[in-house]
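Contents: one structure, followed by commentary.
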Amino acid sequence: MFFRQIYEKGLAHASYMVGCQASGTVAVIDPQRDIDGYLQIAEQEKLRITHILETHIHADFLSGSRELQQVTGADLYLSDDGGPEWQYQFPHVGLHDGDTFMVGNIKFEVWHTPGHTPEHISFLVTDTPASSQPIMFFSGDFVFVGDVGRPDLLEKAAGYKGTMEHGARLLFASLQRFKQFPDYIQVHPAHGSGSACGKALGAIPHTTVGYERLTNWAFQFDDEDAFVQALLEGQPEPPRYFAMMKRLNKEPRPILPNGAVPALPVLSGDQLEALRSDGVLIIDAREKGSFANGHIPGSINIQNNNAFSTWAGWIIPYDKPFAIVAPTDDIEQITRKLIRIGLDHTLGYLPDVRQWATGECKLVTLPQMSVHELAEQIKHGGITVLDVRNQSEYETAHINGALHIFAGYLEQQLDRIPRDRIVAVHCAGGDRSSIATSLLHRYNFTNAVNVTGGINAWIAAGYPTVASSHRVSVTAL
């Protein structure tokens, strides 16, 4: 039996290759969109990709199933459970609860595990030459290490009203079936720590049924109502792009030619200025300190780190072109991160902001404020503290009187932010606040300043915080 996990840190996404070395065949489960890694592994291991499986219609990344099918000719094995509204709208081999199929000598059994989504399936795998008993369970977004899939995304992100509580109850029923498995069954989920598909995902790459039975919070509930309440509480804000992913993963869409990562054209400073003059969004992917020291006016800072894909999905519209500022050495990695969430409409990139800063084109800085300066400003009044962390972070500890607007919702709530006083923007450590402050400057909030070090630095310096169970409205301090 052949087994390999492929883990993409940016989206905390795990995909898998499971196959039979005797027959030289392999299945890929929940592939990411840049497929060259799977092709390389198959070639190195002398395996042929014959089956492409998905556990559900994904919301957090654009599946590479159709790119992989285009290149390999493998069949798509996708769920036909969950009802007519939750059907894939392109040709595939439809799967239902209880179906089985073979990849060489490896047996796959389909389990319908609704809750996270209505059509969600999981795969119970048996290495038949070794044993008649199953060994692995590929759980998708059903069971994670230390958590279970959130059932609120369809309602909060995709707009399907009334699905949240129903999904939670379906998930409770699915867990009752799962609990019947022997403790030794390995569990391989589609996501790890850092994913927005749950609220408490662990960092261990895989687990077992027995371990989850002992440690996973969701397995400690025998009462369905109590489970539903606990499951729906404290879920993080679902990124805005999730609704787009649900549609693109369900319907026919453009396929990357030959599954290849596109090569972005290099833009000159004059070309970028012409785009900027036309209102094209510019994303500066450099480190936040470099951005603060000098950037193109109106550009938004989304650093090229593990959170780049998620924040690009929050900030970049899917219906308008955009351009990138980033060193040439980083651009292939950035392009991969963009196409993994379907942001294919990049016009090109500028390798160095100095190529733009010629003649009358002048770089601007992003104002910064230390936590000590912030404390002094609060004493004197006339300042608004803007907390752009997520709701649960804010409720746990925040600066007294702060205005809370999650960074991902900022663009839709600009009317809540005063223009007649300093607005001190902070997050936990400074990354999200750099995004938020640069976005505010794009909308001419020249009074916005970034608090370096965020609330972590504030707390480390000994300044006080308060806890709350509700948002605080605009308050001038």
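The values are calculated or read from the model by the stated rules, or taken from the named source; none is laboratory data. These figures come from a predicted structure and were not determined experimentally. Counting neighbours? That spans all protein chains shown, and the Cβs are built from the backbone with ideal geometry, glycine included.
Annotations
- The set of residues in segment 365-382 being surrounded by 14 or more Cβ atoms within 10 Å (Cβ to Cβ) and not in a loop (DSSP other than H, G, I, E, B) consists of 368, 369, 371, 373, 374, 375, 377, 378.
- Scanning segment 39-85 for residues that are modelled with pLDDT under 95 and touching a Lys or Arg at 6+ places or on another chain (Cβ under 8 Å) yields a single hit, 59.
- Residue 280 meets the conditions (1) farther than 30 Å from residue 217 by Cβ; (2) buried (at least 20 other Cβ atoms within 10 Å of the Cβ); (3) in contact (Cβ under 8 Å) with a residue 40 or more places away in the chain in every case but one. The failed one is (2).
- Condition check for residue 82: farther than 20 Å from residue 5 by Cα, small (Gly, Ala, Ser), in the same structural domain as residue 22 (by TED's automatic domain parsing) and outside any loop (DSSP other than H, G, I, E, B): no
- Hits in segment 427-471 - residues which are over 18 Å from residue 412 (Cα atoms) and part of a strand (DSSP E or B): 449, 450, 451, 466
- The residue list 88, 77 contains one member that is closer than 25 Å to residue 170 by Cα, assigned to a strand (DSSP E or B) and either under 25 Å from the mean Cα position of the chain (by Cα) or among the acidic types (Asp, Glu) (or both), which is 77.
- Sole residue being among the hydrophobic types (A, V, I, L, M, F, W, C) and not in a loop (DSSP other than H, G, I, E, B), chosen from 264, 272: 272
- Filter pass, residue 73 being surrounded by fewer than 24 Cβ atoms within 10 Å (Cβ to Cβ), over 20 Å from residue 188 (Cβ atoms) and small (Gly, Ala, Ser): yes
- Qualifying residue in segment 362-369 (condition: among the hydroxyl-bearing types (Ser, Thr, Tyr) and within 28 Å of residue 11 (Cβ to Cβ)): no
- Enumeration of residues in segment 1-15 that are under 18 Å from the mean Cα position of the chain (by Cα) and assigned to a strand (DSSP E or B): 6, 7, 8, 13, 14, 15
- Identity of the residue in segment 236-256, crowded, with 20+ Cβ neighbours inside 10 Å and not in a helix (DSSP H, G or I), that ends up nearest to the chain's Cα centre (by Cα): 239
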